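Presented below is the structure to which this report refers.
The values are calculated or read from the model by the stated rules, or taken from the named source; none is laboratory data. The model shown is predicted, which means the values in this text are computed figures rather than measured ones. Positions of Cβ are backbone-derived with ideal geometry, glycine not excepted, and every protein chain shown enters the neighbour counts. Heavy atoms of the whole protein, side chains included, go into the accessibility calculation; ligands, DNA and RNA do not. Shrake-Rupley method; radii C 1.70, N 1.55, O 1.52, S 1.80 Å.
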Amino acid sequence: LANFIDNRYNDIWGIEHNGVEYAVIGSCNGTHFIDIDNPNGPTEVAFAEGAHIGTQIIHRDFHGYQNYIYAVADEGNGSTLQIIDFSDLPNSVEIVYDSNEFFVTAHNIFIDEENARLYTTSGVHVLDLTDPENPELIGFLANQGLSVPAYCHDVYAEDNILYINGGNAGLFIVDYNDVDNPVLLGSMTDYPQSG
């Protein structure tokens with residue numbers, strides 16, 4: 001299935017499981033797990049259907065943590081955060097969490113693995129992944145009074161410091177060590193070729 005801008009696939013992530021390398025690729029239909037151990041003959045070995053599928057899905061995003069892939073989509077009223085257990089690859093994968101409890105769509109996600117935190121670009125939700133199959137909302141930057149755009153293009157986190165690409169709004173750096181009291185460390189909102 002191709003989306004309305006004629007793309008069939010969108011994002012990619014890489015994992016290794018039991019010594020085998022896999023590409024995790026998004027499409028209009030969901031999440032594909034492709035054995036790439038033989039680069040001359042990649043083989044799809046598993047598939048997880050997206051919560052929302054169809055030609056309006058342009059962008060999915062993924063991040064791996066432990067034996068799970070966390071998957072989101074940037075479009076679709078029925079989209080969700082999906083957590084996909086890949087511990088049985090190459091035989092199968094299993095969606096162990098599929099919910100829009102915290103958000104419906106997100107353009108991008110990032111997991112700070114050392115601190116077991118997932119960050120989204122939709123209002124910058126912060127989820128605790130201490131229990132990887134049962135995320136817990138511990139922060140929502142859009143409600144915490146900082147001058148950071150509600151919708152962001154991309155996020156990166158390390159040592160509880162969050163780097164936010166706010167698209168045309170600029171770059172924002174937030175200290176998230178205290179989830180109840182994040183601190184805006186700095187921003188760059190006016191620069192050549194912004195966005």
Determine the relative contact order of the chain: mean sequence separation of Cα pairs under 8 Å and six or more apart, normalised by residue count, in whole percent.
11 percent
Loop sites in the range 1-103: GluC sites (Glu not before Pro), DSSP, at most 13 other Cβ within 10 Å:
GLU101
Expressed in nanometres to one decimal, the distance between label points 7 Å along Cα→Cβ at ASN115 and THR55 is 4.3 nm
Rolling a 1.4 Å sphere over the protein heavy atoms, what is the accessible area per residue of the chain, to the nearest Å²?
48 Å²
For the range 95-150 (alpha-carbon point model, no solvent) the Debye-based log₁₀ I(q)/I(0) at q = 0.14, 0.29 Å⁻¹ works out to -0.36, -1.33
Using a 1.4 Å probe and ignoring any ligands, DNA or RNA, find the accessible area of PHE47 and quote it in Å² to the nearest 10.
80 Å²
Give me the distance in nm between label points sitting 7 Å out from Cα along the Cα-to-Cβ direction at GLN193 and ASN143, one decimal.
3.9 nm
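Using 1/(1 + (r/R0)^6) with R0 = 41 angstrom and r between the beta carbons of GLU16 and LEU185, what's the FRET efficiency to the nearest 0.05?
Calculated value: 0.75.
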Kirkwood Rh, the range 137-180, all Cα pairs: how many Å?
10.8 Å
Roughly how many percent of the accessible protein surface of the chain is carbon and sulfur, given a 1.4 Å probe and a whole-percent answer?
44 percent
Note: TYR9 to ASP131 extended length (0.36 nm per residue) minus current alpha-carbon separation gives 40.9 nm
Jot down the radius of gyration and Dmax of the range 31-78, Cα atoms only, both in angstrom.
12.7, 38
Length gained, TYR151-ASN177, 0.36 nm per residue minus C-alpha separation, equals 7.2 nm
